[in-house]
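**Q** Would you mind keeping the following structure in view while I ask a few things?
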Amino acid sequence: MGAVAHVLAVNPVPARSQMGSSLGFHIILACFGIAFAAITMIAEWIGIKRGDAAALLLARRWSRVMAVLVAVGAVSGTVLSYEMGLLWPGLMGRYGAALGGPFSFEGIFFFLEAIFVGVYLYGWRRLSPWAHWWSGMPIVVSGILGALSVVAANSWMNSPAGYTLSDGKLTNVDPVSVYFNASTPYETAHMLLAAYMVTGFVIAGVYAVGLLRGRRDRYHRLGFAIPFTVAGILAPLQVMMGDIIARFIAHNQPVKFAAMEYVLSTQRDAPEWLGGILINGKVYFGAAIPAFDSILVGFNPHTVVIGLNSVPPSQQPPLVTLIHLSFDLMVGLGMFLFALAAWQGWWWWFHRRLLLTAWFLVPSALSGVAAVAAMEAGWVVTEVGRQPWIVYRLLLVSDAVTPSSGVTVTLGVILALYAILTVVSIGVPMIMSRRWRRETPAEEEAEQVPYGPAPTRAAP
Amino acid sequence: MSPSPEAIAVGVILMVVIAAYALFGGADFGGGIWDLIAGGAERGAAPRELIDESITPVWEANHVWLVFILVLAWTAFPPAFAAIMTALFVPLSLSLLGIVLRWAGFAFRHTAERLQARRFTGAVFASASLITPFFLGTVVGAIVTGQVPVHPAGNVLAAWTSPTAILTGFLFVAACAYISAVFLVLEARQRGRQDLMRYFSLRATAAGVVTGALAGGTFAELSNSAPHVFDRLTGIALPLVAISIAAGIAVLAMLWLRWYHAVFLRATAAIAVATVVWGWGLAQYPYLLPTSLPLALGSAPTGSLVAEFVVAGLAVLVVAPGFALLYFLQQRRLLTAVESDADLRLAAHLDQALPGQPAAPAPAGARMTTALVMVMIAIRAIKEVFSPPHRG
């Protein structure tokens, strides 16, 4: 009890919880902002190329859901940019000049994305089919570049670069080196793949439920197959990428890596722990594969892996068990998604048709939840694993947090509001889909969404 | 020590973005305010519908301006940003609450099916429109009066509850209502709604008079609470103040004469608001936080400032054509000869009548071989990756 009270009394905890929940919420919507347009455009391309009405209808409906999700994401993104200042004035006051560059570029790309979501929605019946298809391209490109910018800012906090300090004050900033710091290529690639996988598996999961309920028409088969293919092709790439990044972290942020893998002291023949809880320096309930961690890091059982004890306890991350289990969860779910994709791929290769048995569809229906959980676990690893630093080896979280009182209040309000926002972002698409099934075609045409045109009153 | 030209230039960009938010975001908030006081469900139906139609296409794209303000402020003027965010934690959090509530109300309103739910979400949307401009106004009031310390130890309650700050809060609300009513007059005219033109013309006049009175009151209050800003407002920034007053009177005259010119009326009202913002910026110069943090001490290294130029240039180059295209499509009523959703639905449902998928072809020998080869290559590749590194 004493320990709990102590943790609650430490100032950064409410602020970290608020930042974590806001970020954890926003990142899901950000995935759809990044990847939904590309998946929609594949459906549209099939629709135009083959004159496939089902594919075109999917694309039109998806574009409306995309608009709702981008609109929610715009608000949760606004919240985040406020919170950067409200919760972490110590960070922004010292390093805002360095962090600001990537964020400013993200602003441009989001602006562009929002505008072209509007163009895409307005353009459905106001542009020729191919002109309309091309009008979706800026959404895809700005989604990718926007993600690159924001993740570059986060990477900078892991691998600060491109700045000169004198007397603890920032005197020189090189925005290009800030943007392309050592972590940028790894983190951005990992996140972009994750965004496409989350989006693909979530949409596929929705149509898997429809297929399980017996709606097996071409519309539902395509609605499942297009996003599942996109996510499935990327799943093995993500597994490879994850392996490369783990090795990078072992060199770049060895203490984070030690927490991820339960490397308590610097050692050769470091075992790979699967599961397990760390209590007082001992791992319970875990399975250890001897020397495998050393092999993963250096392709050799005798590779030395740096342990938690390489830094004093004050510089070790808290909640090591949480970091390790989140890492295991992410890897496990990634493997599950990879296996699911491989299964469908194998079937398609030999039978040239979709595998649509219940044995396959039930786990597929859950694949969206799994992908989201894996991504959230990954963010827990990278953010909690960097503790107690907010900027690695440069600024402590406790020096960055606001001295203002009242963060516990805003934390409560944010949690309540985000519960509402979650209901909206899941509920609105559900209501829309129910209406699509129930309403007459004319009513569907009159549906109004953010960014979209006002309903046409008279038939043209 | 005088501020670098880069710092001044980024300051100018910041003031332009703030003016844009005051105009576009302000019109949005004002729409919510008029919605709030439009009366019962039946009486207020027509004006509400007009407000809704004119807000919907851009309703939260306008928050991008606010995000730009935040990002510009923390990149270019980090110490001032950190001080403001710490000292004014409470009003800033409340303004954020307003933004989120407005959004939730707006989103639900369009999907809520029952009238009662619609009414409730509508009320949330409308009252949240009051919160955000009011508290942002108190924030500006607190900054202008020099109540934000450079190194605050926590919330500074007194900073944003001074008479000047509260007056500024009311001024912001009134200005939002004013700019919005002027724009709504023109929206009504575009739709040929004579009754709504008169309705919003009357309200624009009233809001204009109230805004003018509040501006006068705030101005008088500043002579005590912010002598530096007041001196410059009556000195170097006086031309901007004069233009604002003249534009405000011109708008009232146009409304009185019912000369609802789409360009002139909009532009004059916009000038009236934008010049106040710029007047504030000019009057506060050379201080970020009057009179404790001058621009020269509070601005970022040159590299960061230059990056902001690039961003601003990119914004003009890329975002402007995008907006033009969107505007063109919005104005284009003519639909091309593409199938409607209804046609697509009919076509897609025809598919259901067709027999199921064709029978699967038997696994071909060639495909089996290829699959095996690919698996072998994959195993070989994995082995290659995990084998000990070669020396040499």
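The values are calculated or read from the model by the stated rules, or taken from the named source; none is laboratory data. In this text the structure is predicted, and so the values were computed from the model without any measurement. Here the Cβ is made from the backbone with ideal geometry for all residues, glycine too, and neighbour counts use every protein chain on show.
**Q** Of (1) more than 11 Å from every other protein chain (Cβ to nearest Cβ); (2) more than 21 Å from A:Leu80 (Cα to Cα); (3) buried (at least 23 other Cβ atoms within 10 Å of the Cβ), B:Val10 satisfies all except one. Which?
**A** B:Val10 satisfies all of (1) more than 11 Å from every other protein chain (Cβ to nearest Cβ); (2) more than 21 Å from A:Leu80 (Cα to Cα); (3) buried (at least 23 other Cβ atoms within 10 Å of the Cβ) except (1).
**Q** More than 21 Å from the chain's Cα centre (by Cα) and away from chain B (no Cβ under 11 Å) - does that describe any residue in the stretch A:182-196?
**A** Going residue by residue through the stretch A:182-196, those that are more than 21 Å from the chain's Cα centre (by Cα) are none.
Looking through the stretch A:182-196, none of the residues is more than 21 Å from the chain's Cα centre (by Cα) and away from chain B (no Cβ under 11 Å).
**Q** Suppose we keep only residues that are part of a helix (DSSP H, G or I) and hydroxyl-bearing (Ser, Thr, Tyr) within the stretch A:398-415. Which one would you say is surrounded by the most Cβ atoms within 10 Å (Cβ to Cβ)?
**A** Within the stretch A:398-415, the subset part of a helix (DSSP H, G or I) is A:398-400, A:407-415.
If we keep only those that are hydroxyl-bearing (Ser, Thr, Tyr) too, we end up with A:398, A:408, A:410.
Numbers: A:Ser398: 13, A:Thr408: 14, A:Thr410: 22.
Ranking the candidates gives A:Thr410 first.
**Q** Does at least one position in the stretch B:164-172 carry a residue that is of a type in the set (A, V, I, L, M), modelled with pLDDT under 90, within 20 Å of B:Gly279 (Cβ to Cβ) and touching a Gly at 6+ places or on another chain (Cβ under 7 Å)? Don't jump to the end; show me each part of the working.
**A** Filtering the stretch B:164-172 down to residues of a type in the set (A, V, I, L, M) leaves B:165-167, B:171.
Next, only the ones that are modelled with pLDDT under 90 stay: none.
No - not one qualifying residue is present in the stretch B:164-172.
**Q** Would you mind telling me which numbered condition in (1) over 24 Å from the mean Cα position of the chain (by Cα); (2) within 12 Å of chain B (Cβ to nearest Cβ) A:Asp167 fails?
**A** (2)
**Q** So which helices (runs of 4 or more DSSP H) are wholly in the stretch B:78-157 and hold at least 2 residues that are more than 9 Å from every other protein chain (Cβ to nearest Cβ), at pLDDT below 90 and farther than 20 Å from B:Ala22 by Cβ? Explain how you work it out, then say what you get.
**A** Values: elements: B:78-87, B:89-111, B:115-144.
Per the criteria, B:89-111, B:115-144.
**Q** Suppose the filter is under 23 Å from the mean Cα position of the chain (by Cα) and either hydrophobic (A, V, I, L, M, F, W, C) or within 28 Å of B:Leu97 (Cβ to Cβ) (or both); does A:Trp346 pass it? It would help to see each step written out before you state the result.
**A** Working: under 23 Å from the mean Cα position of the chain (by Cα): no; either hydrophobic (A, V, I, L, M, F, W, C) or within 28 Å of B:Leu97 (Cβ to Cβ) (or both): yes.
Spelling it out, it is not the case that A:Trp346 is under 23 Å from the mean Cα position of the chain (by Cα) and either hydrophobic (A, V, I, L, M, F, W, C) or within 28 Å of B:Leu97 (Cβ to Cβ) (or both).
**Q** Report yes if some residue within the stretch A:89-104 is of a type in the set (A, V, I, L, M, F, W, C) and more than 27 Å from B:Leu92 (Cα to Cα); otherwise report no. Steps first, answer last, please.
**A** Step one: list which residues in the stretch A:89-104 are of a type in the set (A, V, I, L, M, F, W, C), which gives A:91-92, A:97-99, A:103.
Still in the list and also more than 27 Å from B:Leu92 (Cα to Cα): none.
Taking every residue of the stretch A:89-104 in turn, none turns out to be of a type in the set (A, V, I, L, M, F, W, C) and more than 27 Å from B:Leu92 (Cα to Cα).
**Q** Kindly evaluate A:Val424 against the criterion of being touching a Cys at 6+ places or on another chain (Cβ under 9 Å) and more than 19 Å from A:Pro318 (Cβ to Cβ). Please lay out each step first, then the result.
**A** On the way: touching a Cys at 6+ places or on another chain (Cβ under 9 Å): no; more than 19 Å from A:Pro318 (Cβ to Cβ): yes.
No; evaluated as a whole, the condition is false for this residue.
**Q** In the stretch A:233-256, which residue that is within 10 Å of A:Val297 (Cα to Cα) and among the hydrophobic types (A, V, I, L, M, F, W, C) is surrounded by the fewest Cβ atoms within 10 Å (Cβ to Cβ)? Steps first, please.
**A** In the first step, residues of the stretch A:233-256 are kept if they are within 10 Å of A:Val297 (Cα to Cα); the result is A:243-244, A:246-251.
Now restrict to residues that are among the hydrophobic types (A, V, I, L, M, F, W, C): A:244, A:246, A:248-250.
Details: A:Ile244: 14, A:Ala246: 18, A:Phe248: 17, A:Ile249: 23, A:Ala250: 22.
Here the answer is A:Ile244.
**Q** Now, a different point. Evaluate the following for A:Leu395: is it within 14 Å of another protein chain (Cβ to nearest Cβ), surrounded by 15 or more Cβ atoms within 10 Å (Cβ to Cβ) and at pLDDT 85 or above? Write out each step before concluding.
**A** Numbers: within 14 Å of another protein chain (Cβ to nearest Cβ): yes; surrounded by 15 or more Cβ atoms within 10 Å (Cβ to Cβ): yes; at pLDDT 85 or above: yes.
Judged against the criteria, A:Leu395 is a match.
**Q** Do we find that A:Leu356 is in contact with a Leu (Cβ under 9 Å, 6 or more places away or on another chain), touching a residue at least 40 places away in the same chain (Cβ under 8 Å) and more than 14 Å from A:Leu322 (Cβ to Cβ) in this structure? Walk me through it before giving the result.
**A** Details: in contact with a Leu (Cβ under 9 Å, 6 or more places away or on another chain): yes; touching a residue at least 40 places away in the same chain (Cβ under 8 Å): yes; more than 14 Å from A:Leu322 (Cβ to Cβ): yes.
Yes; evaluated as a whole, the condition is true for this residue.
Yes/no matrix, rows are residues, columns are (1) within 12 Å of chain B (Cβ to nearest Cβ); (2) of a type in the set (A, V, I, L, M, F, W, C); (3) part of a helix (DSSP H, G or I); (4) crowded, with 22+ Cβ neighbours inside 10 Å:
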| site | (1), (2), (3), (4) |
| --- | --- |
| A:Trp134 | yes, yes, yes, no |
| A:Val141 | yes, yes, yes, no |
| A:Ile144 | no, yes, yes, no |
| A:Val150 | yes, yes, yes, yes |
| A:Ala161 | no, yes, no, no |
| A:Asn172 | yes, no, no, no |
| A:Val176 | yes, yes, yes, no |
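**Q** Quick check on A:Val380: is it in contact (Cβ under 8 Å) with a residue 12 or more places away in the chain, closer than 30 Å to B:Ser93 by Cα, over 25 Å from the mean Cα position of the chain (by Cα) and crowded, with 17+ Cβ neighbours inside 10 Å? First the steps, then the outcome.
**A** On the way: in contact (Cβ under 8 Å) with a residue 12 or more places away in the chain: yes; closer than 30 Å to B:Ser93 by Cα: yes; over 25 Å from the mean Cα position of the chain (by Cα): no; crowded, with 17+ Cβ neighbours inside 10 Å: yes.
Taking the combined requirement at face value, the residue does not satisfy it.
**Q** Given the conditions (1) among the basic types (Lys, Arg); (2) more than 24 Å from B:Glu308 (Cα to Cα); (3) part of a helix (DSSP H, G or I), report the number of the one that A:Arg126 does not fulfil.
**A** The single condition A:Arg126 does not satisfy is (3).
**Q** Would you pick out the residues in the stretch B:251-275 that are touching a residue at least 40 places away in the same chain (Cβ under 8 Å) and either hydrophobic (A, V, I, L, M, F, W, C) or farther than 16 Å from B:Leu196 by Cα (or both)? Break it down into steps so the answer makes sense when it comes.
**A** Quick first cut of the stretch B:251-275, residues touching a residue at least 40 places away in the same chain (Cβ under 8 Å) only: B:251-252, B:255-256, B:258, B:260, B:262, B:265-266, B:269-270, B:273-274.
Hits for the stretch B:251-275 are B:Val251, B:Leu252, B:Leu255, B:Trp256, B:Ala262, B:Leu265, B:Arg266, B:Ala269, B:Ala270, B:Val273, B:Ala274.
**Q** Next question, about the same structure. Kindly establish whether A:Leu340 is touching a residue at least 60 places away in the same chain (Cβ under 8 Å), aliphatic (A, V, I, L, M) and outside any helix (DSSP H, G or I).
**A** Numbers: touching a residue at least 60 places away in the same chain (Cβ under 8 Å): yes; aliphatic (A, V, I, L, M): yes; outside any helix (DSSP H, G or I): no.
For A:Leu340, the condition - touching a residue at least 60 places away in the same chain (Cβ under 8 Å), aliphatic (A, V, I, L, M) and outside any helix (DSSP H, G or I) - is not met.
**Q** Hey, another quick one. Please work out which one of (1) within 14 Å of another protein chain (Cβ to nearest Cβ); (2) under 24 Å from A:Leu29 (Cα atoms) is the condition A:Phe299 fails and give its number.
**A** (2)
**Q** Would you be able to tell me the number of residues in the stretch A:109-123 that are touching a residue at least 24 places away in the same chain (Cβ under 8 Å) and facing chain B (nearest Cβ under 7 Å)? If you could, list the steps in order and put the result at the bottom.
**A** Let us first name the residues in the stretch A:109-123 that are touching a residue at least 24 places away in the same chain (Cβ under 8 Å), namely A:109-110, A:112-114, A:116-118, A:120-122.
Of the ones still in play, those that are also facing chain B (nearest Cβ under 7 Å) are A:110, A:112, A:114, A:116, A:118, A:122.
Total satisfying the criteria: 6.
Each row is one residue, and each column tells you yes or no for (1) surrounded by fewer than 24 Cβ atoms within 10 Å (Cβ to Cβ); (2) at pLDDT below 85; (3) more than 25 Å from A:Thr408 (Cβ to Cβ).
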{"site": "A:Asp52", "(1), (2), (3)": "yes, no, yes"}
{"site": "A:Ala67", "(1), (2), (3)": "yes, yes, yes"}
{"site": "A:Leu80", "(1), (2), (3)": "yes, no, no"}
{"site": "A:Met84", "(1), (2), (3)": "yes, no, no"}
{"site": "A:Trp88", "(1), (2), (3)": "no, no, no"}
{"site": "A:Pro102", "(1), (2), (3)": "no, no, yes"}
{"site": "A:Glu106", "(1), (2), (3)": "no, no, yes"}
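**Q** Quickly run through the stretch B:13-46 and pick out the residues that are over 18 Å from the mean Cα position of the chain (by Cα), buried (at least 16 other Cβ atoms within 10 Å of the Cβ) and more than 19 Å from B:Gly208 (Cα to Cα).
**A** Matches in the stretch B:13-46: B:Gly44 only.
**Q** Would you mind finding the one in A:Ser425, A:Ser405 that is touching a residue at least 60 places away in the same chain (Cβ under 8 Å), of a type in the set (Gly, Ala, Ser) and at the interface with chain B (Cβ under 10 Å from one of its Cβ atoms)? Write out each step before concluding.
**A** On the way: A:Ser405 fails: touching a residue at least 60 places away in the same chain (Cβ under 8 Å).
On inspection, the qualifying residue turns out to be A:Ser425.
**Q** Is it the case that A:Trp348 is buried (at least 16 other Cβ atoms within 10 Å of the Cβ), of a type in the set (A, V, I, L, M, F, W, C) and within 14 Å of chain B (Cβ to nearest Cβ)? Give the derivation first.
**A** On the way: buried (at least 16 other Cβ atoms within 10 Å of the Cβ): no; of a type in the set (A, V, I, L, M, F, W, C): yes; within 14 Å of chain B (Cβ to nearest Cβ): yes.
No: the conditions fail for A:Trp348.
**Q** Still on this structure: hydroxyl-bearing (Ser, Thr, Tyr) and touching a Phe, Trp or Tyr at 6+ places or on another chain (Cβ under 7 Å): which single residue out of A:Tyr284, A:Tyr262 fits that description? Spell out how you get there, then give the answer.
**A** Values: A:Tyr284 fails: touching a Phe, Trp or Tyr at 6+ places or on another chain (Cβ under 7 Å).
Sole residue among the options that is hydroxyl-bearing (Ser, Thr, Tyr) and touching a Phe, Trp or Tyr at 6+ places or on another chain (Cβ under 7 Å): A:Tyr262.
Yes/no matrix, rows are residues, columns are (1) surrounded by fewer than 22 Cβ atoms within 10 Å (Cβ to Cβ); (2) within 14 Å of another protein chain (Cβ to nearest Cβ); (3) out of contact with any helix residue (DSSP H, G or I) (no Cβ under 6 Å at 6 or more places or on another chain); (4) modelled with pLDDT under 90:
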| position | (1), (2), (3), (4) |
| --- | --- |
| B:Ile245 | yes, no, yes, no |
| B:Ala283 | no, no, no, yes |
| B:Ser304 | no, yes, no, yes |
| B:Glu308 | no, yes, no, yes |
| B:Val311 | no, yes, no, yes |
